[in-house]
Number of protein chains: 2
Amino acid sequence: MCAEKKLTERKRENIIEAAVMEFRASGFSATSMDRIAATANVSKRTIYNHFASKQILFQSIAQALCDQLTQVSEYPYDPEIPLRTQLHAIAEQEMAMLTTAEFISTFKMITSESLVSPELTRATIDNFQESSLGVVTWIKQATKDGKLSVSDPIRAGKQFLALIETFALWPQLYDFKPVPKKSAQKTIINSAVEMFINTYGSKTSRKKTSQ
Amino acid sequence: MCAEKKLTERKRENIIEAAVMEFRASGFSATSMDRIAATANVSKRTIYNHFASKQILFQSIAQALCDQLTQVSEYPYDPEIPLRTQLHAIAEQEMAMLTTAEFISTFKMITSESLVSPELTRATIDNFQESSLGVVTWIKQATKDGKLSVSDPIRAGKQFLALIETFALWPQLYDFKPVPKKSAQKTIINSAVEMFINTYGSKTSRKKTSQ
DNA sequence: TGTAAACTACACTGCGCAGTTTACTTTTTG
DNA sequence: CAAAAAGTAAACTGCGCAGTGTAGTTTACA
């Protein structure tokens, strides 16, 4: 019978858990199946009973991790709440995601592979792209409501995210810089919001050139 | 005697040229010394006579390429010329660099390695960082001249570059997107300049909310 | 409790690659 | 031209790894 779960199920979970760890730590090519097997407390043969090849194992994991990370990015527009407040909320949510240790290691894992062999990760990367569309629909709604004046919402959305990511994503990826402190995060967000509203806010919403 | 150049010299150049090609195309670990030797029309042994190991070969090349790419980024401030014009020039120069095929493949080569084994490329990456300091000194000078009002020039500089790179660097790296067309480049630059001046320009220089 | 399915240890194939050795040829230079 | 310096081809060492084959053990379940 099943004490808690079927053995097969438990083994499968062990494998995935171990593979995530190893792939995150060392990337695709530097991680060996023997190592994953050891970490998972599982015979190598068992891995191959669950996943036909190293590639397939990697792709399954990349896809799963990516789904898990990007599911949270819908930003409903609310005409009652001031623009600044809403933008702040969006930026904070984005920042919260970017500064997660899991996000960083996952992103690193996927991108490092995508640079060398894009086929392996094309699907996953495409998925990532879409996930940043949340801001765009918010911008469209705010524009329709007359609070913003944006001719190209996609460009505007990317600009807004770029103002955050340049401090809270790329340095952590390439430079192994630590995530910015809470106070620095506030500054980054404030500045991004001001820049955005200074440029795209309708006349009434623009004010204070605080930096 | 020397017909045109000493043999050793020619061989060395062949090796470097071939290695650059191969590393750019496939990255560090996926490139073999045998392959480089073949491409260079050189015996593998000869490579080892010039470079003690694959690592050393890679690092030499990475360093050289990086120096070559980043040497051009000083932007002298001129109080006589309108801010917008100067900023445009800076952006265009930056854009010109980013859209070079050599730049993209070099950057890809270095970053893909840096994600997996930072030691190999730390020096090179650091170098890259510095190269983006050109704008910062320009911003400082414009601020001193009273034309800009910037409390944190480094942040402002990074923001300005981010507004360009988000369209003309990251998509090419991760997505294999083609470099933006000339017309798109103009739009990107215009928008970045406007955003920057809207936010940091002294009262007099701010105008037109063009998008 | 008996059988099928899943897991295990471990040896093994086959491959690619970094780096070396060797025996030999070409180029440079005094 | 002769010796020294540099290059060459090809075989070889040693290693790590993806993936397989096997014979035997454990778990699930009827």
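To the nearest whole percent, what portion of all C-alpha pairs in the protein assembly as shown is separated by more than 38 angstrom? For the protein assembly as shown, the share of Cα pairs beyond 38 Å comes to 31 percent. For the peptide A:150-163, the mean number of other protein chain Cβ atoms found within 10 angstrom of a residue's Cβ is 4. A simple rule links phi to the HN-Hα coupling: the Karplus curve 6.51 cos²θ - 1.76 cosθ + 1.60 with θ = phi - 60°, which for segment B:167-181 gives 9, 10, 8, 4, x, 5, 5, 8, 10, 6, 5, x, 4, x, 5 Hz, with x for Gly and Pro.
The value of relative contact order for chain A, using C-alpha pairs under 8 Å at least six residues apart, is 20 percent.
Considering only B:Ile188, B:Gln71, B:Leu133, and ranking their Cα positions along the charge dipole of chain B that arises from unit charges at the beta-carbon of Lys, Arg, Asp and Glu, the one farthest toward the positive end is B:Ile188. In nanometers and ordered shortest first, the copy-to-copy spacing of the A:Ala52 label point, defined 7 Å from Cα toward Cβ, is 4.6. Give the long-range amide H neighbours of B:Leu148: residues separated by 5 or more places, or on another chain, with amide H under 5 Å away, using H modelled in the peptide plane at 1.01 Å from N. Sorted by chain and number, the residues that satisfy this are B:Thr143, B:Ser202. Less than 5 angstrom separates the built amide H of A:Phe176 from none of the residues sequence-distant by 5 or more or on a different chain. Give the separation of the Cα centroids, segment A:79-116 to segment A:162-182, in Å. Cα centroid to Cα centroid, the span is 11 Å. Placing R0 at 51 angstrom, the Cβ-Cβ distance between B:Thr85 and A:Arg45 gives a FRET efficiency of 0.15 after rounding to 0.05. A helix-only calculation puts chain A at -23000 deg cm²/dmol for mean residue ellipticity at 222 nm, using -39500 (n - 2.57) for each DSSP H run of at least four residues, averaged over all residues.
Ordered by solvent-accessible area of protein heavy atoms (1.4 Å probe), largest first, the residues A:Lys203, A:Lys147 come out as A:Lys203, A:Lys147. A:Lys6 label point (Cα plus 7 Å toward Cβ) to equivalent points in the other copies: 7.2 nm, shortest first. Using only side-chain charges placed at the Cβ, +1 for Lys and Arg and -1 for Asp and Glu, the dipole size of chain A relative to its Cα centre rounds to 320 debye. Taking all protein chains together, A:Arg35, B:Arg24, B:Arg10, B:Arg84 sort by accessible area into A:Arg35, B:Arg10, B:Arg24, B:Arg84, largest first [probe 1.4 Å]. The same position A:Ser151 in the other copies lies at 3.3 nm from this copy, comparing label points 7 Å beyond Cα toward the beta-carbon, shortest first. Phi-derived couplings, Karplus 6.51 cos²θ - 1.76 cosθ + 1.60 at θ = phi - 60°, listed residue by residue for segment B:45-51: 4, 4, 4, 5, 6, 8, 10 Hz, with x used for Gly and Pro. Computed with the Debye formula from one identical point scatterer per Cα of chain B, without solvent, the log10 of I(q)/I(0) at q = 0.11, 0.13 Å⁻¹ comes to -0.64, -0.80. Using only atoms on other chains, find how many Cβ atoms lie within 10 Å of each Cβ of peptide A:174-180 and report the average. What the average comes to for A:174-180 is 3. Taken as Cα centroids, segment B:6-28 and segment A:19-40 sit 33 Å apart, rounded to the nearest whole angstrom.
Rounded to the nearest Hz, the phi-derived 3J(HN,Hα) couplings of segment A:192-198 under the Karplus curve 6.51 cos²θ - 1.76 cosθ + 1.60 (θ = phi - 60°) are 5, 4, 4, 4, 5, 6, 4, where x marks glycine and proline.
The values are calculated or read from the model by the stated rules, or taken from the named source; none is laboratory data. This is a predicted model, so every value here is computed, not measured. We place every Cβ from the backbone using ideal geometry, glycine too, and count neighbours over all the protein chains shown. Accessible surface is based on the protein model in full, side chains and every heavy atom, while ligands, DNA and RNA are left aside. Shrake-Rupley method; radii C 1.70, N 1.55, O 1.52, S 1.80 Å.
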